Structures are given as C-alpha cells and as structure tokens.
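The values are calculated or read from the model by the stated rules, or taken from the named source; none is laboratory data. Source: prediction; values computed, not measured. Quick reminder, even Gly has a Cβ in these numbers, built from the backbone with ideal geometry, and neighbours come from all protein chains shown.
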Amino acid sequence: MFALTSKGTTGNRKKIVVFLTDGLGRIGVDVVLNNIDRTNIKGLPIYSLAFGSNADYEFVKKVAVKNKGVARKIFEDSDASLQIKGFYDEISSSALQNVSFKYLDENTDVTENATKRNFESFFNGKELVIAGKLSDDNIQVLNLLVTGNGVNGNVELELKSDIQSRDPELTKAGDFEKITERIWAYLTIKQLLEEAIGETNELEKKNLNDRALAMSLKYKFVTPLTSMVVIKPDERDLGDLEENEDARLALSKVSSTKQTSSTSGNMKRKENSPKPGGGGGGGGGGGYSSGGGGGGDPHFMLKINGIEFPICFDVDTRDGDVIRMLKDPIAGITINAGIVRSTMKKKDGEFKTFIGEIVILAPASRIHIKPDKITFNGDVKSWNDEGIFEMEGSKIHIYGNALHERSVYIGFENNVSIEIRRPLKDGTERDVSYLNMYIDNEKGVSNMAGGILGEFVHKKTTLFKISLDKRGRQHGHFRETENTNKTHFNAILHKKPDIITGEMVLCWNVYKKTEGLLASDLKHYFISDIAST
C-alpha cells in the first residue's frame, strides 16, 4: 500500500492503481477494503479486474466504485490477453482529469436533478453523458462550461446552445422529451446502483437501492433489483412434431443451475454414508446401467436440481483409453478413469468396456484404485480392509454393501467427496470386475472445473419442452447456458437398469451425439496418461 500514500502525481502524469483478482475471497474481504480506505489518502483511482469465472466480480466492483475507478470482467478464453490489453489501452489513454460540466445562464446553474457532472477521467474514444432538467423553461441560450486538467495544463471549453431552435423535421418536441427523460432515468438508476455497491452504511445502502427500485419500476427498466416476467398463453406448440403426432407438451420451464455434477437419484447407500448428490459414471453394461438396453460402454448419469429424472449418456471407449472425469484447478483435484475390455460383445460386435481403474490426485494425496487393491500415498490396502484411514487433507472409508459389492468413500477437507463402488465379476452378466464412481459432495468444486463431469458445475440446464412421438415416447428438449453461450440437445425418457440397485431407472437418455450436452467434442475428454493432472 506504499504507492497509495506516496505523492499522487509524477510530473503531468497522474498515478493509478490496477487491482486484479482471479479468486473468490472467503475471509479478510472487509480487511482489504478497510486497508484501501485507510491508505488511499490521495484518492488515487483504482481500476479493478476480475479474471475468470471464479473471481468475485461484486467485490471488484466495490473496490472500483469506492475509489473512482472502473471494473471489468475478463473471460477465460483464447483472447484473454487481448481483453487485458484492451483494458490497459483504455485506462492509459486519459485525455482529461477532473472533468466538470456546468450548465449556466448568466453564471447561474440552471439544472435540476442532473446526473453525475464531475468525472475523474475522460478517456480517448469514450463519451460522457449527462442528463437533467432545466430549472427555467424560458431560457433561450444555454451556456456549457467544461473544465479539466490536461497534459499541458488546465483546459476550459465554453459552448453555447440555442435551445429554442430545434429543427422540428429532425426531432418532435414530444418525442425529444420522452427520450431525454428516459436517458436521465437510466443514468440516474445506474449511478444509484453504483453508489449502493460502494456504500458501507447499511441504512444508506438501503435508501439508494429503494430509490433505484422506485425509478426502475416507474420507467420500466430491468435492473438487478427488478425482473421481467413474460406470461405465455396456454397454447399447444406443434412445430417440432411430426404429422398426426400426439401434441402433448409440457411447456412449464424447469430451470436449474447444476450445483455440480450429479447422481442417479435412487442410488441406495449405507445409512451412515453421506447423502448422494454428485455426478457419476460407471462401466458399460454397468456404470449406472447393466448390459442389454443400457449399452456396453461407460455410461453416465447427471441428476439436475429441479429436473425430475437424471440425464444419461454413453461414451464409446476402447481398451486402454483414459477419460478425464474431473479437473478443478481451484480445488486442486483431478480424477482420471482408465478403461478395460471384457470378453463380452455388444450388438454391434464390439467388446464391452468398463472403468477398470481410477486415479485421484489432490495437493496432499495420490489415490490409485483398482478392483484388486486401493493405494493411497504408497500405502496399499485390500478392499476387505474395512475401516477409516486418514491422510493429510482427506479421509478414506472402505466398507461393504449390498449385492456383495465393496465401496470406498473419499472425503476432502474442501467440501468435495467421491464414492467408488466395485461390482465383482460373476461369470454370467459380468465377466470382469470394474468400478463405478460418482461425486458425492460437490460443494467445493469450483466454477472453473472441467472434465466430463466437472464441466456441469458451471452450467445451467433447462428442460423447456416435452413432446410425444408416434409411439408415445417422451422427448425432452434441453437448453444449456454457460456464461453467454447457449446450446441445445434432445433426449428420450427411457428406462435403464441400475447395476448398483438392480432397479429400472428412468432417465433422459441422450440417444444421439452429445453435441450440445458437452462443451467439447468427446475426444477432448480423452487423455494419454492416467496419472496426469
């Protein structure tokens, strides 16, 4: 903070501070704000950047608003460096400092309820917009005085406007009044909301928000304090149906933000085991479905909050493939799954494949799980070694369950837990032992997570329509939203046997390609080394 207390200018150049964060502050946020208030005695502008989807943009805006700066969000993409460069180019091209606007009639201010008229900086290529009302309708000529500090000293600009000589062919008086009043309302609401962000007094913050809310409702602006409600008539949409098809549609939106990857809703567990809630995948003919209609290759189920049935899909694999299940750079957890081949064949003649090993990498843990042994940080355990074993930052519980299967539960201190089950080969339906896994608790999984399960943490999935085909099957039409990107996919409601419970489970089966469901082509989720982070 030394720079904030040193001299405010260097020659004709004015100092600025750039504050950047790529994380979500959990503790010490108020301390940071108090330190800035205490040390920024020169009132230097602080320009703030929130880098990535996990950054606390509200906090960044608060820092900027309280210190005469601006805030920007940088999205993680291939052009992130260009976004940062563009931000720097913007704030480094200041043409004027301490800019002030005065509207005068014989040296007397003649405005009422004007929006902000004093600005810290004016940047090249930008514009400053002020709106307000004249206190006297009889004023003939309006004098505008603009002052500021430039590189070569003080700048003073005087302009005159004959406000009675508007060209009626260009703007009708009535239209002009409506436009300017709404511009004034828009700017005023925006400034009230910005002031509220930087206000620490709760009563004053409430007053600012109340004023912004009242104006938003009066002028019908959608703001963070209001919402737009569209009431759709109860009508039947036949556009997506075939001729003579039954047009029963479920048009009510069931929208949910996936609070992380999900799990099959009817999975049974030990009573003393944590309640399921994550995303899961398992061996083909298994996973969460066994052979037959479920298909042979690894199968995944995703339970979406607010949608009754999970979404399920298959992934075609070959012996030796490795799938990236989860990679979270914030939580520091990576999960990779290795594929093995059985001797049984699918209907297409290809061999069925299963998840044969799983590697979990965390800051203080390296866990390698196979059907015959469990290795964590070099310590080898048998699946029969029931009990709880603690490591730095994690806890492992090995136990038996129904159907003569075994399970291992892994809980990390950062609110992430995983359960892996081992169905044993029985010589009939299963000719190889394999592994099923699902994310049991994903609260600690960040919005930067990737992988075939991890990417669903930061997506919003909506089931916006259900239609029936000629055979009476229900087709679900889904929309996924991630940041500003929207994709669509379709699925059919179908029963698949759950290998864990033996029950038939209804799920929305993505029966065609997974385009629209997954962020990338399937090959993006395949990696070469199961131990890679």
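Observations, loosely collected:
- Each residue in segment 327-351 was checked for being crowded, with 20+ Cβ neighbours inside 10 Å, within 23 Å of the chain's Cα centre (by Cα), of a type outside the set (S, T, N, Q) and modelled with pLDDT of 90 or more, and 4 pass.
- Residues in segment 47-58 that are in a loop (DSSP other than H, G, I, E, B) and either at negative phi or in the same structural domain as F122 (by TED's automatic domain parsing) (or both): S53, N54, A55, D56.
- Among the criteria (1) at pLDDT below 80; (2) closer than 22 Å to E195 by Cα; (3) surrounded by 12 or more Cβ atoms within 10 Å (Cβ to Cβ); (4) of a type in the set (D, E, K, R), the one K14 does not fulfil is (2).
- Yes/no for F75 being among the aromatic types (F, W, Y) and modelled with pLDDT of 80 or more: no
- Segment 22-44 residues that are at pLDDT below 80 and part of a loop (DSSP other than H, G, I, E, B), paired with ones that are surrounded by 13 or more Cβ atoms within 10 Å (Cβ to Cβ) and of a type in the set (F, W, Y) (beta carbon under 8 Å, 6 or more apart): G25/F59
- Close pairs (6 angstrom Cβ cut-off, 6 or more residues apart or separate chains): within 20 Å of T226 (Cβ to Cβ) in segment 191-214, small (G, A, S) anywhere: L192/A212; L193/A212; K205/A196; L208/A196; N209/A196
- Of the residues examined, K61 is not one that is touching a Gly at 6+ places or on another chain (Cβ under 9 Å), buried (at least 16 other Cβ atoms within 10 Å of the Cβ), at pLDDT 80 or above and not in a helix (DSSP H, G or I).
- In segment 493-513, the qualifying residues are those that are more than 27 Å from the chain's Cα centre (by Cα) and part of a strand (DSSP E or B), and the one that is modelled with the lowest pLDDT is P497.
- Residue within segment 371-392 that is surrounded by 17 or more Cβ atoms within 10 Å (Cβ to Cβ) and touching a residue at least 40 places away in the same chain (Cβ under 8 Å) present: yes
- Looking only at residues in segment 333-348 that are part of a strand (DSSP E or B) and among the basic types (K, R), the one that is nearest to I418 (Cα to Cα) is R341.
- Selection count where residues are more than 16 Å from G69 (Cβ to Cβ) and under 29 Å from the mean Cα position of the chain (by Cα), scope segment 35-50: 0
- From D137, D175, D162, residue being in contact with a strand residue (DSSP E or B) (Cβ under 8 Å, 6 or more places away or on another chain) and at pLDDT below 85: D162
- Any chance E76 is touching a residue at least 24 places away in the same chain (Cβ under 8 Å), closer than 18 Å to A196 by Cα, not polar (S, T, N, Q) and not assigned by TED's automatic domain parsing to the domain that holds N118: no
- Test for K459: is it in contact with a strand residue (DSSP E or B) (Cβ under 6 Å, 6 or more places away or on another chain) and at pLDDT below 85: yes
- All told, I339 falls short of being more than 29 Å from L517 (Cα to Cα), in contact (Cβ under 8 Å) with a residue 24 or more places away in the chain, of a type outside the set (S, T, Y) and touching a Lys or Arg at 6+ places or on another chain (Cβ under 9 Å).
- Within segment 93-148, restricting attention to residues that are assigned to a loop (DSSP other than H, G, I, E, B) and among the charged types (D, E, K, R), the residue that is nearest to W184 (Cα to Cα) is K116.
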